[in-house]
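In what follows, a single structure is set out as structure tokens and then discussed.
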Amino acid sequence: MRTSIGGAVRRTPLLLTVVAALLALGAFAVRPATAPDDTGQTVVLTSADDQLEASITRMQGRLRDLPGDWQTWAALGMAYLERARITVDPGFYARAEGAFAESARLRPGNPEALTGLGALANARHDFGAARTLARTALAANAWSAEAAGVLADAETQLGNAAAATDAVQRMLDLRPGLPAYARAAYDLEQHGRVDEAGDLWRRALADATGPAEQAYVRQQLGDLAWNTGDTVTAAREYGLGLAAQPTLIGLRHGRARVSGSLTEWASLVQAAPTPTLLIEYAHRLHDAGRPSEAAAQLDLAEAALKLFAAGGGADDLTAAELAIARRQPADAVRLARREWQRRQHADVADVLGWALHLAGDDRTALTFARRATALGNRSATYATHLTAIERSLS
């Protein structure tokens, strides 16, 4: 039966594009080590990280023997992108770019390389380039679900709601499965159709094939509840997910948010020192009356943003959030406006509206706060900001 989102983004994860493409290109063709447990069932002994490392090593070895294998070069690029996500090291972006470029040199215009370069552009937040690359990939292979996913991510982040929905539907038609369901659920959430998004995630949960997929879906169900202010459901979903995959960063983030434990937050940012997590942790420390420690985390966030820029990325949205955390509203407005010029996503509208409010320009702030909720998104953060701005004007 055809799955339809029928209407019409938290940021859509690169992981889904990367893993889907790796599977399509056969990068995980070799089975991991397995052994029977006490019940006689087979248990996977290697982790997803171990499988990825083994896959990279295997592809590197193959390319030493067959340097003209353009498909393996494209698969290796995707694996490097996934490694960048896991290690929070944007230095892997250059390796990915080199692998995709070699694939394109060996077979000009091949859709696998174009899709990979599009995924890389999304990871670096160059969403306009990602859209162009995805469209070119689809022109070369109209049946590529991976290219449709890259296009959906780019259109979503650019704020092109109708085009994003069309791209998501195309992916669903080509290959219904977790990567497509994830994008469809996010699209529904952006339009305020939270119950339908939850139903789609529960369908994905029923189709999940192992602990890693189950944990990922539980995280999304938890995030969906958290974003609408339902902390009880969020805590339950995060707990169930962590029981399946205790190390998944998204689940650990959710648990830290729900519990408010600064110990959990410290452990989280040590494992994943991303700018957004460091900024959120700094807010928690500031609220707990520990301003010097909060300032130190903001310094780390600034350093992480510089590393991202050194890897070819650009993220003025997070830079604006950092300026807000540092009580620098004029800088926040400047950075958020620059991001808005590149893309009109609801997240950008919300941050720009809040920065304008903090800078004392509530009338302009109201325009952007309303823009953030224009599609019907039921984000608790968006609602809180809009209410505060409206009260300032009353």
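In table form, for the structure just shown:
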item	result
One residue from Thr87, Thr115, Thr136 being surrounded by 17 or more Cβ atoms within 10 Å (Cβ to Cβ) and of a type in the set (Val, Ile, Thr)	Thr115
Residue within the range 290-307 that is surrounded by fewer than 17 Cβ atoms within 10 Å (Cβ to Cβ) and at pLDDT below 95 present	yes
Within the range 368-394, considering residues that are surrounded by fewer than 15 Cβ atoms within 10 Å (Cβ to Cβ) and among the hydroxyl-bearing types (Ser, Thr, Tyr), the one farthest from the chain's Cα centre (by Cα)	Ser394
Check on Ala320, outside the structural domain of Arg85 (by TED's automatic domain parsing), part of a helix (DSSP H, G or I) and either small (Gly, Ala, Ser) or surrounded by fewer than 23 Cβ atoms within 10 Å (Cβ to Cβ) (or both)	yes
Matching residues, the range 214-268, being among the β-branched types (Val, Ile, Thr) and buried (at least 22 other Cβ atoms within 10 Å of the Cβ)	Val217
Wholly enclosed helices (runs of 4 or more DSSP H) of the range 96-190 bearing at least 3 residues of a type outside the set (Val, Ile, Thr), farther than 30 Å from Arg203 by Cβ and in contact with a helix residue (DSSP H, G or I) (Cβ under 6 Å, 6 or more places away or on another chain)	111-123, 127-140
Pair list, Cβ under 9 Å, 6 or more apart: the range 212-236 residue on the phi > 0 side of the Ramachandran plot, other residue part of a helix (DSSP H, G or I)	Gly229/Ala380; Gly229/Ala383
Among the candidates Leu375, Leu386, residue that is modelled with pLDDT of 95 or more, assigned to a helix (DSSP H, G or I) and within 22 Å of Leu188 (Cβ to Cβ)	Leu386
The range 358-385, residues that are of a type outside the set (Gly, Ala, Ser) and either under 21 Å from Asp315 (Cα atoms) or touching a Phe, Trp or Tyr at 6+ places or on another chain (Cβ under 7 Å) (or both)	Leu358, Phe368, Arg371, Thr373, Thr381, Tyr382, His385
Test for Ala161: is it surrounded by fewer than 23 Cβ atoms within 10 Å (Cβ to Cβ) and either touching a strand residue (DSSP E or B) at 6+ places or on another chain (Cβ under 6 Å) or at pLDDT 95 or above (or both)	yes
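The values are calculated or read from the model by the stated rules, or taken from the named source; none is laboratory data. Just so it is clear, the model here is predicted, and its values are computed rather than measured. Positions of Cβ are backbone-derived with ideal geometry, glycine not excepted, and every protein chain shown enters the neighbour counts.
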